[in-house]
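Peer 1: Sharing a structure, written as structure tokens. Questions coming.
We did not get these values from a lab; they are worked out from the coordinates using the rules stated. Here the structure is a predicted model, which means the values were calculated and not measured. Every residue, glycine as well, gets a Cβ built from its backbone with ideal geometry; the counts of neighbours run over all protein chains shown.
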Amino acid sequence: MKLFEKTLSEQPIFKGRIIRVHVDEVELENGSTSKREVVEHPGGVCAAVLTEKNELLFVRQFRYPYQKVLLELPAGKLEPGEDPLEAMKREQREETGTRSDQYHFLGNIYPTPGYCGEIIRLWACRACGQRGSLSLDEDEFIEVQPIPIEQAVEMVMANEIPDAKTQIGVLKTARLLQEGKL
């Protein structure tokens, strides 16, 4: 089959709490072989939560690999067997203290398809009711920051928000809002 690589063998390298790493030998479409380094990840979810004032609820969080605080839309990892929509609702409640009555699926993104199998599922929603308290994991520290959606789009276009899932979530949510669908 054209553009397909057949897995011949898999060599486990590392199994951690979140990821698994292996090196595979693959057969290419021309019959030769090559190696592929693969990171398996359970996947994640992301919520673009819009307030009644058309502000998106962002979280500021220290991200260890970059050694800096990033501005992101609320997101989290899928637990084994967890429904992605239910996981997104959980993350929304935990990280913003909000809930919603209606969700708009924005699609799946593949953040790093060259070596990682992670898929992030994106949704947009309107927060309803009062914001409750946050319910963070023991090792999670965040600050919630509402930003008007127009300003968030400008920040994405000015490269002030480097996180890919956040860029896509902001732009797709802005488009839904512009089209009167949110």
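Peer 1: For segment 1-104, what Kirkwood radius comes out of the mean inverse Cα-Cα distance, in Å?
Peer 2: Final number for the Kirkwood radius of segment 1-104 is 16.9 Å.
Peer 1: A further question on this structure: Provide, as a two-decimal number, the C-alpha radius of gyration of segment 81-134 over 2.2 N^0.38 Å, N being how many residues it has.
Peer 2: Numbers: Rg = 13.1 Å, N = 54, 2.2 N^0.38 = 10.0 Å.
Ratio of Cα Rg to 2.2 N^0.38 Å: 1.31.
Peer 1: Moving on. Given R₀ = 45 Å, what would the calculated FRET efficiency be for Asp137 paired with Asn30, taking r from the Cβ atoms and rounding to 0.05? Working shown, then result.
Peer 2: Working: r = 47 Å, r/R0 = 1.05.
It comes out at approximately 0.45.
Peer 1: So how much slack lies between Leu70 and Ile18, counting 0.36 nm per residue of separation and subtracting their Cα-Cα distance, in nm?
Peer 2: Details: separation 52, 0.36 × 52 = 18.72 nm, distance 2.04 nm.
Residue separation times 0.36 nm, minus the Cα-Cα distance, leaves 16.7 nm.
Peer 1: Students often check this: by mean Cβ neighbours within 10 Å, which of 5-18, 31-44 ranks highest, and how do the rest follow?
Peer 2: Going by the mean number of other Cβ atoms within 10 Å, highest first, we get 31-44, 5-18.
Peer 1: When Met88, Met155 are ordered from fewest to most other Cβ atoms inside 10 Å of their Cβ, what list results? Kindly include the intermediate steps, with their values, before the conclusion.
Peer 2: Working: Met88 27, Met155 17.
By the 10 Å Cβ count, ascending: Met155, Met88.
Peer 1: May I ask you to sort Val69, Val49 by Cβ crowding, counting other Cβ atoms within 10 Å and putting the fewest first?
Peer 2: Listing Val69, Val49 from fewest to most nearby Cβ atoms yields Val69, Val49.
Peer 1: Put +1 on the Cβ of each Lys and Arg and -1 on the Cβ of each Asp and Glu in the chain; which of Gly169, Leu57, Leu182 then has its Cα farthest toward the positive end of the dipole?
Peer 2: Going by the Cα projections, it comes out as Leu182.
Peer 1: Provide the percentage of antiparallel DSSP beta bridges, counting only those with both residues in the chain; round to the nearest 5. Intermediate values should be presented prior to the final figure.
Peer 2: Working: 39 of 47 bridges.
Percent antiparallel among DSSP bridges in the chain is about 85.
Peer 1: In what order do Cys125, Cys116 fall by count of nearby beta-carbon atoms within 10 Å, going from fewest to most?
Peer 2: Lowest count first: Cys116, Cys125.
Peer 1: Please report the orientation-averaged projected area of the chain, defined via the convex hull of its C-alpha atoms, in nm².
Peer 2: 12.8 nm²
Peer 1: In debye, nearest 20: dipole of the chain around its Cα centre with unit charges on the Cβ of K, R (+) and D, E (-)?
Peer 2: So the dipole magnitude of the chain works out to roughly 280 debye.
Peer 1: May I pose another question? How long are the three semi-axes of the equivalent ellipsoid of segment 142-182, in whole Å, if each is the root of 5 times an eigenvalue of the C-alpha gyration tensor, listed from largest down? Working shown, then result.
Peer 2: Details: eigenvalues 61, 29, 19 Å².
For segment 142-182, the ellipsoid semi-axes come out as 17, 12, 10 Å.
Peer 1: Would you work out the charge dipole size for segment 104-143 about its Cα centre, treating the Cβ of every Lys and Arg as +1 and the Cβ of every Asp and Glu as -1, and quote it to the nearest 20 debye?
Peer 2: 420 debye
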